[in-house]
Amino acid sequence: MSKNNKLFRFLFTFPVVIYALLLIALPILYIFVISFFKSDSYGGMISVITLENYKELFSYVYIKIFLQSILVATITTGICILISYPFVLALSHKSKKTQQILTTLVMVPFLTNSLIRMYGWIVLLRKHGVINQVLMATNIIEEPLSLMYNNLGIIIGMVYTLLPFMILPLYSAVSTIDKSELEAASDLGASKWQIFKNIILPETFSGLFNGALMVFTPALGYFFIVDVLGGGKMMILGNLIKNQFLTARNWPFGAAISVFLILITTLLIFIYRKFGGKMDELGGVWWNITNS
C-alpha cells in the first residue's frame with residue numbers, strides 16, 4: 001500500500017516538477033547567467049563575465065525609473081485599499097447568496113485577456129469616448145478631459161486590473177471576524193470609525209498585507225498598461241525590461257534588470273512568509289501602542 005502511495009505521488013508530482021524546471025527554473029537560471037555577459041554592437045552577447053550591467057542599474061536614469069515604479073505601485077496599492085475596504089465591509093453584511101454572486105462578478109474580468117480589457121478602456125477614456133461624451137452631454141464639463149495617455153490613465157488601468165487581488169484577501173479576512181464582537185462594540189456606543197479602527201483593521205491586518213503584496217508586486221512590471229493607457233510616456237521596470245530585450249537588443253542589461261525585479265519580488269515574498277501569519281497579532285499590538 002505504501003509503495004502504491006509513493007508511486008501515485010510520484011506520478012502526480014512528476015509533471016509539475018518537469019513544468020517547474022523547464023518553464024520556470026531554467027529560464028530564470030538563463031536570465032541570471034546572461035546578466036553577467038556583455039552586449040555587442042549588433043545585439044548579440046559576449047560571454048565575458050562582468051558586473052557592468054548591475055553597476056549601470058545605479059545610474060541616475062535607472063534609479064529615477066525605479067522610483068517611478070515604486071510610486072506607481074504605491075499609489076495603485078493605496079487606491080485599491082481605499083476601494084476594497086468599503087466594498088468588502090458592505091459585502092460582509094449581505095446574504096450568503098448575494099456574497100457569492102458579487103464575489104463571482106469580481107472574478108469575471110479574469111475570464112478575458114488583460115490586454116483586450118485595456119483596449120476596452122480606450123473606448124471609455126479617450127477624448128471622444130463614453131465618459132467624456134456623458135460628462136459633456138450633462139453639461140458637467142465644457143471640454144473633453146484628458147483621461148488617458150498620461151499618469152491618470154496608467155493608474156486607472158492598474159487599479160482596474162489589480163483591484164480583485166486586494167478585494168479577495170480582504171474579503172477572506174473580514175469573513176473571519178466574529179459578528180458578535182462588532183455588535184457588542186456598537187451596543188457599547190462605539191462609532192463606525194471606532195469599530196473599524198479598533199476591531200476590523202487590526203483583525204484584518206493579514207488580509208490587508210497579503211492584498212497589498214499581490215497588488216504592489218505586479219504593479220512594478222505591468223508594462224502593457226503603461227503602453228496602452230499611458231501612451232508610453234512613463235517608464236516603469238516592466239517597460240524598461242521589455243525595451244532592453246526587444247528594442248535596444250541589450251539582453252544582458254535587460255536580464256540584469258529582470259534579476260533585480262526578481263530580487264524585489266523574492267524579498268516581498270520572504271517578508272510575507274516571515275510575517276504574513278503574524279500580521280493580525282502584529283496589527284493588534286501596533287494599534288494598542290498607538291492608542292495607549
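The values are calculated or read from the model by the stated rules, or taken from the named source; none is laboratory data. Just so it is clear, the model here is predicted, and its values are computed rather than measured. Ideal geometry is used to build each Cβ from the backbone, glycine not excepted, and the neighbour counts take in all protein chains shown. With ligands, DNA and RNA removed, areas are computed over all heavy atoms of the protein, side chains included. Shrake-Rupley method; radii C 1.70, N 1.55, O 1.52, S 1.80 Å.
Rundown of residues vs (1) over 22 Å from the mean Cα position of the chain (by Cα); (2) outside any helix (DSSP H, G or I); (3) modelled with pLDDT under 90, yes/no style:
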| residue | (1), (2), (3) |
| --- | --- |
| Thr50 | yes, yes, no |
| Asn53 | yes, no, no |
| Leu71 | no, no, no |
| Thr76 | no, no, no |
| Cys80 | no, no, no |
| Ser84 | no, no, no |
| Val108 | no, no, yes |
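Of (1) open to solvent by 80 Å² or more (accessible area, probe 1.4 Å); (2) touching a residue at least 40 places away in the same chain (Cβ under 8 Å), Leu170 satisfies all except one. Which?
Among (1) open to solvent by 80 Å² or more (accessible area, probe 1.4 Å); (2) touching a residue at least 40 places away in the same chain (Cβ under 8 Å), Leu170 violates only (1).
Are any residues in the range 116-129 assigned to a loop (DSSP other than H, G, I, E, B), out of contact with any helix residue (DSSP H, G or I) (no Cβ under 7 Å at 6 or more places or on another chain) and surrounded by 10 or more Cβ atoms within 10 Å (Cβ to Cβ), and if so, which ones?
Arg126, Lys127
Which residue out of Asn139, Asn113, Asn132 is open to solvent by 40 Å² or more (accessible area, probe 1.4 Å) and either more than 19 Å from Met158 (Cα to Cα) or among the charged types (D, E, K, R) (or both)?
The match here is Asn139.
Looking at this structure, is Thr76 loosely packed, with under 12 Cβ neighbours inside 10 Å, closer than 21 Å to Pro169 by Cβ and among the hydroxyl-bearing types (Ser, Thr, Tyr)?
Spelling it out, it is not the case that Thr76 is loosely packed, with under 12 Cβ neighbours inside 10 Å, closer than 21 Å to Pro169 by Cβ and among the hydroxyl-bearing types (Ser, Thr, Tyr).
Within the range 27-48, count every residue that is under 25 Å from the mean Cα position of the chain (by Cα) and over 15 Å from Ile257 (Cα atoms). Give the derivation first.
Keep residues of the range 27-48 that are under 25 Å from the mean Cα position of the chain (by Cα), which gives 27-29, 31-32.
Remaining after also requiring over 15 Å from Ile257 (Cα atoms): none.
The total comes to 0.
Please find, within the range 86-106, the residue that is most open to solvent (accessible area, probe 1.4 Å) out of those that are among the polar types (S, T, N, Q) and assigned to a helix (DSSP H, G or I).
Narrowing the range 86-106 to residues among the polar types (S, T, N, Q): 92, 95, 98-100, 103-104.
Retained after the next criterion (residues that are assigned to a helix (DSSP H, G or I)): 92, 98-100, 103-104.
Details: Ser92: 22, Thr98: 52, Gln99: 14, Gln100: 119, Thr103: 28, Thr104: 80 Å².
Result: Gln100.
So, in the range 27-45, how many residues would count as being over 19 Å from Thr217 (Cβ atoms), open to solvent by less than 70 Å² (accessible area, probe 1.4 Å) and out of contact with any Pro (no Cβ under 7 Å at 6 or more places or on another chain)?
Here the count works out to 5.
How about the range 142-152: which of its residues are over 30 Å from Ile65 (Cβ atoms) and open to solvent by less than 70 Å² (accessible area, probe 1.4 Å)?
Once the filter is applied, which keeps residues that are over 30 Å from Ile65 (Cβ atoms) and open to solvent by less than 70 Å² (accessible area, probe 1.4 Å), the range 142-152 yields only Pro144.
Restricting attention to the range 208-264, report how many residues are surrounded by fewer than 20 Cβ atoms within 10 Å (Cβ to Cβ) and either in contact with a Cys (Cβ under 6 Å, 6 or more places away or on another chain) or among the acidic types (Asp, Glu) (or both).
Selection size over the range 208-264: 1.
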